[in-house]
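To start, the structure under review is shown below, and the notes come after it.
We did not get these values from a lab; they are worked out from the coordinates using the rules stated. Note that the structure is predicted; figures quoted are calculated from it, not measured. Reconstructed Cβ throughout: ideal geometry from the backbone, glycine too, with neighbour counts over all protein chains shown.
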Amino acid sequence: MGDFLFRAAEGRQRPLGTRRTAFLFGLLLLLGSPSGVFAATPALISDNPAYVPSELDLGVGIQDWYYRESAGDMDNAALLGGHLRTISYWGPVILGADISYMGSFSGQYTGAEIFTGTPVKINMAETVFQSAAHLGLLVLNTPEDWLGLWVSYGYHQQIWMTPAQSGGYEENYQIPYLGVTFYNQNPLSGTPWSFYEEGGYRTGLGPSMSVTPSAGQTIPAGTFNLGSAWDVHGLVGVRYLFTPHFGLYLSGNYSYWAFSQSTNTLTGGSKQFFEPSSLTTYFGAETGVTLEY
């Protein structure tokens with residue numbers, strides 16, 4: 001017999017061609033997938049397709065933050081932070097977003113007083129804000145490995161502050177960026193455990209650093225245009241699911257930002273100031289809850 005489409009409104013049947021039936025059957029499969037359109041579509045490279053759940057992570061962490069200028073100044077601080085991430089899989093397409101904020105609860109600047117060159121060691125504070133949107137592909141989809149690659153457009157901001165009574169000022173690094181990242185998950189078959197790894201590279205788009213002196217300071221206010229900014233970062237983690245949809249995770253991470261010397265100068269009194277090249281690193285641990293769906 002031929003293929004049929006039932007028309008309930010007229011209570012009768014009419015034959016369809018094989019191509020139309022195949023098209024409708026495929027459309028129904030897509031629309032009826034458990035996590036929305038395309039959720040059941042195989043990955044681009046897939047020897048043994050397996051369902052990859054979308055995830056929402058909410059965590060807190062502690063970081064050891066370190067800053068060093070080529071001119072010799074150094075800063076170190078301990079940071080507490082919060083992190084929200086969402087990753088959704090639409091077949092081979094990955095959509096995601098990250099947002100995090102970290103603030104110091106201890107910090108110290110070691111260097112020299114700008115005008116006199118006198119060595120100083122004073123308290124300082126640091127905040128770091130990051131946000132990014134991700135678009136990528138699931139390039140490997142097997143029961144043992146879920147490997148995704150994505151491109152990110154993001155924003156990295158770090159604000160360094162010293163007290164006004166110590167001749168203080170603020171440095172505000174503002175770094176829009178493009179990045180490429182891999183994210184690999186390794187479920188342990190038959191157990192609630194899984195491991196995951198992530199690593200990537202970011203390059204700044206028009207990076208800058210603005211200076212705001214405390215009241216009465218002779219340090220010039222203004223913005224330095226940095227020659228370049230780039231970052232490498234990575235993490236490893238473990239996740240335990242108490243139910244198919246709820247679990248806890250623990251991860252360790254590392255990030256390395258490099259900023260080149262400013263391409264412009266600022267004038268303060270009879271002196272010209274430039275921002276020397278510098279690097280920022282931080283590493284630490286994060287824990288939180290995962291919701292999978």
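A few notes on this one:
- Size of the range 74-160 from its Cα atoms: along the principal axes, largest to smallest, the extents are 61, 22, 20 Å.
- Under 5 Å from the amide H of GLN261 lie the amide H atoms of GLY227, SER277, each residue being 5 or more positions distant or on a separate chain, with H modelled from the backbone and absent for Pro and chain starts.
- Using distinct alpha-carbon pairs, which all enter the 1/r mean, Kirkwood radius of the range 120-211 in Å: 16.1
- Each Lys and Arg Cβ is given +1 and each Asp and Glu Cβ -1; about its Cα centre, the range 37-292 then shows a dipole of about 340 debye.
- Remark: the LEU58-MET74 segment gains 2.6 nm on full extension, using 0.36 nm per residue and subtracting the alpha carbon distance.
- Sequence-distant residues sharing a close amide H with LEU205 (under 5 Å, placed H): TYR177, LEU178
- The 3J(HN,Hα) values that the Karplus relation (6.51, -1.76, 1.60; θ = phi - 60°) gives for the range 173-189 are, in residue order, 7, 10, 10, x, 8, 10, x, 10, 9, 10, 9, 10, 10, 10, x, 8, 4 Hz. Gly and Pro appear as x.
- Note that the range 211-222 has calculated 3J(HN,Hα) couplings of 10, 10, x, 5, 4, x, 7, 8, 5, x, 8, x Hz, one per residue in order, obtained from phi through the Karplus relation 6.51 cos²θ - 1.76 cosθ + 1.60 (θ = phi - 60°); glycine and proline are x.
- The label-point distance for PHE242 and TYR51, in a model that sets each label 7 Å from Cα toward Cβ, rounds to 2.2 nm.
- What the phi angles of the range 68-75 give under the Karplus curve with 6.51, -1.76 and 1.60, with θ = phi - 60°, is a coupling list of 8, 9, 5, 6, x, 5, 9, 9 Hz, glycine and proline written as x.
- Residue exposure sequence - TYR169, TYR51, TYR67 - by fewest surrounding Cβ within 10 Å: TYR51, TYR169, TYR67
- Contact order, relative form, for the range 140-276: 19 percent (alpha carbon pairs under 8 Å, 6 or more residues apart, mean separation divided by residue count).
- With the Kirkwood sum run over all distinct C-alpha pairs, the range 37-292 has a hydrodynamic radius of 20.0 Å.
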